[in-house]
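The values are calculated or read from the model by the stated rules, or taken from the named source; none is laboratory data. All values derive from a computational prediction rather than experimental measurement. Neighbour counts are summed over all protein chains in view; Cβ atoms, including those assigned to glycine, are modelled from backbone coordinates with ideal geometry.
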Amino acid sequence: MGRGYTQYTFPDSDSKDAYAIYSAYLDYRLLDGSRLHVRQCECWCPVCERIDMAEWVQSLAELEAELKELLDPDEENMRKFAFIGTPINDLIAETRKRIEWRQHRRSPAKCLHCGSTDIIVLPNTEEFAHPKTGERVVVVGRGFAEASPWHAEFTTEGDLISSYRESDKTRS
């Protein structure tokens, strides 16, 4: 089973490389019982004291712009949507569902491992200053790694309901 990852290195220190590992099996359980995939981004979590994964809670404006692109895609977006392989109508329905979820979401994004809202989203650049230490952090790899899947359900506000990792066979 592969999971997407980003690998970070700290070239000016002896710190070990850090990895942010995505999961395709994280969902919000909506009030009507349906599910919505949790979008994720890399973060620094001061509670976990590591680079980790957080919810990516986009603004309504960003989601509405995404919907507009889906409803009236240019040629480049048409190629992108075709590459993804998901029918455009499914993408439109999912984006509308995400907009409805976002309209009611009140809490800020949370660390997906500990639930802290004190996260610092990492910049989408190849090099940046570490949020805690200030040391230089460099992205040295992105891709897919062989890793056990992580399944989890969260409330609409990002609180953990249940979690299952095949690697340790634990549920919470």
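Helices (runs of 4 or more DSSP H) wholly in segment 54-169 with at least 1 residues that are among the β-branched types (Val, Ile, Thr) and modelled with pLDDT of 90 or more - which ones?
Numbers: elements: 60-71, 75-84, 88-104.
Here the list reads 88-104.
Within segment 6-55, can you find the residues that are over 21 Å from Lys97 (Cβ atoms) and β-branched (Val, Ile, Thr)?
Thr6, Thr9, Ile21, Val47, Ile51
Assess whether Thr95 counts as being hydroxyl-bearing (Ser, Thr, Tyr), free of Cβ contacts under 8 Å to residues at least 40 places away in the same chain and either surrounded by 13 or more Cβ atoms within 10 Å (Cβ to Cβ) or more than 20 Å from Glu157 (Cα to Cα) (or both). Show your work before the answer.
Details: hydroxyl-bearing (Ser, Thr, Tyr): yes; free of Cβ contacts under 8 Å to residues at least 40 places away in the same chain: yes; either surrounded by 13 or more Cβ atoms within 10 Å (Cβ to Cβ) or more than 20 Å from Glu157 (Cα to Cα) (or both): yes.
Judged against the criteria, Thr95 is a match.
Of all residues in segment 1-47, which are more than 13 Å from the chain's Cα centre (by Cα), within 23 Å of Ile161 (Cβ to Cβ) and surrounded by fewer than 15 Cβ atoms within 10 Å (Cβ to Cβ)?
Met1, Leu31, Asp32, Gly33, Ser34, Arg35, Val47
Keeping to segment 1-40, report how many residues are part of a loop (DSSP other than H, G, I, E, B), basic (Lys, Arg) and modelled with pLDDT of 95 or more.
1
Residues in segment 130-162 that are in contact with a helix residue (DSSP H, G or I) (Cβ under 7 Å, 6 or more places away or on another chain) and under 14 Å from Ala54 (Cα atoms): how many?
Final tally of qualifying residues: 0.
Can you name the residue in segment 60-70 that is surrounded by 11 or more Cβ atoms within 10 Å (Cβ to Cβ) and not charged (D, E, K, R) and is also nearest to Arg39 (Cα to Cα) among such residues?
It comes out as Leu63.
Taking segment 1-27 on its own, how many of its residues are among the small types (Gly, Ala, Ser) and more than 22 Å from Phe154 (Cβ to Cβ)?
Residues in segment 1-27 being among the small types (Gly, Ala, Ser) and more than 22 Å from Phe154 (Cβ to Cβ): 4 in total.
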